[in-house]
Amino acid sequence: MSQGTTRTTCPYCGVGCGVLAKHQDGITTVSGDPDHRASFGKLCTKGMNLGATTDPEGRLLYPQIRGQRESWSRALAYVGSQLRDTLDRHGPDSVAFYVSGQLLTEDYYVANKLMKGFIGSGNIDTNSRLCMSSAVAAHKRALGADAVSGCYADLELADLIVLTGSNLAWCHPVLYQRILAAKAKRPEMKLVVIDPRRTASCHGADLHIPLKAGTDLTLFNGLLHSLRKQGQLMPDRLASLDEVLPTLELAARGGEVAQVAAAIDVDVASVSQLFDWFAATDKVVTVFSQGINQSDRGVDQGNAILNCHLASGRFGRPGATAFSITGQPNAMGGREVGGLANSLAAHMEFGDVEAHQRISQFWQVDTLATEPGLKAVDLFDGIESGQIKAVWIMGTNPAVSLPDSARVRRALADCPLVIVSDCVAQTDTTALADVLLPAQGWGEKDGTVTNSERRISRQRAFLPPAGEAKPDWWILCQVAKAMGFGHGFEFANAAAIFREHAELSGLDNAGDQRRDFDISALAQLNDRQYDTLSPLQWPQPAGGPLQLQDQRLCADGRFFTTEQRARLVPVAAPVSAVPATTETGMRLNSGRWRDQWHTMTRTAKAGKLNQHAPEPLVQCHPRDAGQQQLRDGQLVRLSNGQGEAVLKLQITDAVRPGELFMPLHWNGQFASQAWINDLVAPLCDPISGQPAFKQSQVQIEAV
Ligand code: SF4
């Protein structure tokens, strides 16, 4: 590593690649960190172009109140007094935080501590709700904890990889490259892609199952039934047979392979091939992501996948697991600190009285929230209804990214107090803020993130802050003090917050080996050790040396349920609230494009990244385009009862008849008529509250 180079972590997706960054003469250059175990020196196009995104142009540089520049001291005093006043007059649940998987764990920890511990409300939720909250709920149901077991090395050890609801080649490119590299070394390794679309991930696949959108449950129930018939169940790892039977019987109702194939609208030979390969292969990894999670049946779909792996013993072993891959860089870290409205810090749960006492004593509060708060969509409903009178949005752009986003914008416009802390000056959300607080961006801030394999890595500062930008944790602490909560927020630096977070994770954990999240061994790190911390996975319990090798949860066959056995969850075949197609409408799917990230506030600054896809488009099958006499490249209007978008048409058989696909990134800042989430109904999974972004109904017509 050359002099002046800083070892840090990519701020985009949940792969969490290691980055070597250098800033010299006003130019930032980056390369992959060969020593980082998530990425071994690899970066995708987004990571490689990080240097082009760090210039100060477009940054929020100083605090503002209603458009007027203010000093930090006046802005903090104003925010503190306004939140205090709202709290005193209307109670804890009149205040809400909506935070982000872009925050570092230390920021997240302080935000959660302030809201749940001191303000006393559960009303803190995160944009990670939109990304993986269904996977969290599925893991809790099956394993008794939010315990994603696998590590990335499993992708190389597996003999069969199944990608479902995941365009890994574009959304998590470095993981896809790891799979292709392993497959090149062992050509007998199989890759299956289950996706209604023919995506870039299909290019390296041995088999593509282009199932009808929304039929994943039918397919995985069929797989479970097939595994049972082929004698592949390993009930010794499961709860009693009485508990397992309902799941098996429900799965059997989907019928034999021919019925399953007909239901998902795929040829029998392809479905049989998948079932046979799965049954014949000991080391199978099923990777799942947003295509599974962003559904009104997302939790059940996650459990249908987990059922197959748990029932057949393909779980918790090298090369064998069901693997939820998170979209965001720190979705996992947010879960660790209780960033979701329905959980408490350190994976402790609402309703667990001992956990309430443990946290209350640790934080020295008697105001701890004891009920879950509002999940993302409900939280903005609460703003619209007037229940929430003050909201603080941190590092995210809900005016674009939430379903029915036009309604979200209207709700924010009418909210008495909207505080936004962000590093970007102009977003659709900052435009609606009463108070703007400049936060440090990637390269300026310091802390940790946790990737999809539970690996905690340092993000390190190597740039001076833009303007008067401050760390999110610092802003939160100053506001907490201005509200009169000083005793809980006297942190000198990010390391001090991390130590407190680590200590809480191990509290009263002695002798209880079944707590999943425990990093108490890291509570003793001094500032220098924290600064030089190598990427490592949790758990890291106190009392032994740090575990530096790859770890899998539940490797000993013991799970986090009271009986320490895994649970199969009976899941019925889908009766989706929104039909796949109707006579008058088409089903609209959305997802990432290779070189853009979220609402493009950062990636659009890199000219090279814009070259891949310079404008929004909608993909439509030739049959549907022909029926409507639409031409490739012409402008079309998508509309439904909620909104409309005008954009270019691409005719391609990569999508199924009756289904449309549109990238999620463009919005009011970049294409004034392509607000995709204006078209998305606020329909959520009833358990997780995760919005169903992939099943809206729209009309398509020529403009
Ligand atoms: Fe960054 Fe994800 Fe690309 Fe890695 S794969 S460089 S974490 S965007």
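Amide H contacts under 5 Å for THR326: SER452, restricted to partners 5 or more places along the chain or on a different chain, H placed in the peptide plane at 1.01 Å from N.
With one equal scatterer per alpha carbon and no solvent term, the Debye-computed log10 I(q)/I(0) for the range 586-702 at 0.16 1/Å reads -0.75.
Around the amide H of VAL287, modelled in the peptide plane, lie the amide H atoms of VAL162, LEU163, THR164, PHE323, all under 5 Å away and 5 or more residues distant in sequence or on another chain. Taking amide H atoms as placed 1.01 Å from N in the peptide plane, the amide H of LEU207 lies under 5 Å from those of LEU191, VAL193, each 5 or more residues away in sequence or on another chain.
The simple spin-label model puts a point 7 Å past each Cα toward its Cβ; for ASN526 and GLU349 those points are separated by 4.1 nm. Given +1 at the Cβ of Lys and Arg, -1 at the Cβ of Asp and Glu and no other charges, the dipole of the range 5-53 around its Cα centre is 120 debye to the nearest 20. Taking the Cα centre of the chain as origin and assigning +1 to Lys and Arg Cβ atoms and -1 to Asp and Glu Cβ atoms, the resulting dipole is close to 1140 debye.
Along the range 558-569 the Karplus relation, 6.51 cos²θ - 1.76 cosθ + 1.60 evaluated at θ = phi - 60°, assigns HN-Hα couplings of 9, 10, 9, 6, 4, 8, 6, 10, 6, 10, 7, 10 Hz to successive residues, with x for each Gly and Pro. Placing pseudo-labels 7 Å out from each Cα toward the beta carbon at LYS481 and GLN629 gives an inter-label distance of 7.0 nm.
Beta bridges from DSSP with both residues in the chain: antiparallel share about 45 percent, rounded to the nearest 5. Summing Lys and Arg as +1 and Asp and Glu as -1 over all other residues whose Cβ lies under 9 Å from the Cβ of TYR62 gives a net charge of -1.
Sorted on the mean count of surrounding Cβ atoms within 10 Å across their residues, most packed first, peptides 475-484, 388-397 read 388-397, 475-484. From the cross-link list LYS46/LYS140; LYS113/LYS375; LYS183/LYS608, which pairs have alpha carbons spaced over 21 Å apart? Pairs exceeding the cut-off: LYS46/LYS140; LYS183/LYS608.
Packing order of peptides 485-494, 97-106, 259-268, highest average first: 97-106, 259-268, 485-494 (average count of other Cβ atoms within 10 Å over each peptide's residues). Rounded to the nearest whole Hz, the Karplus-based 3J(HN,Hα) values (6.51 cos²θ - 1.76 cosθ + 1.60, θ = phi - 60°) of the range 443-458 follow the sequence x, 9, 9, 9, x, 10, 9, 10, 8, 5, 9, 6, 8, 8, 10, 7, with x at glycine and proline. Please state the shape class of the range 133-324: rounded when a/c is under 1.5, otherwise prolate if a/b exceeds b/c and oblate if not, all from the C-alpha gyration tensor. Rounded, because the longest to shortest axis ratio a/c is under 1.5.
Contact order for the chain, expressed relative to its length and based on alpha carbon pairs under 8 Å spaced 6+ residues apart, stands at 20 percent. For the range 14-59, the fraction of alpha-carbon pairs lying more than 17 Å apart is 35 percent, rounded to a whole number.
Under the convention that each Lys and Arg Cβ holds +1 and each Asp and Glu Cβ holds -1, the size of the dipole of the range 273-418 around its Cα centre is about 400 debye. Using the Karplus relation 6.51 cos²θ - 1.76 cosθ + 1.60 with θ = phi - 60°, the per-residue 3J(HN,Hα) values for the range 678-687 come to 5, 8, 8, 5, x, 8, 10, 4, x, 8 Hz, with x marking Gly and Pro. For the chain, treating each Cα as an identical point scatterer without solvent, what Debye log10 I(q)/I(0) comes out at q = 0.05 1/Å? The calculated log intensity ratios at q = 0.05 Å⁻¹ are -0.22. Protection proxy ranking for 678-689, 123-134, 283-294, using the average of other Cβ atoms within 10 Å per residue and placing the highest first: 123-134, 283-294, 678-689.
Readers should treat all values here as calculations from the given coordinates under stated rules, not as data from a laboratory. This is a predicted model, so every value here is computed, not measured. Positions of Cβ are generated from backbone atoms using ideal geometry, with glycine treated the same way; all protein chains shown enter the neighbour counts.
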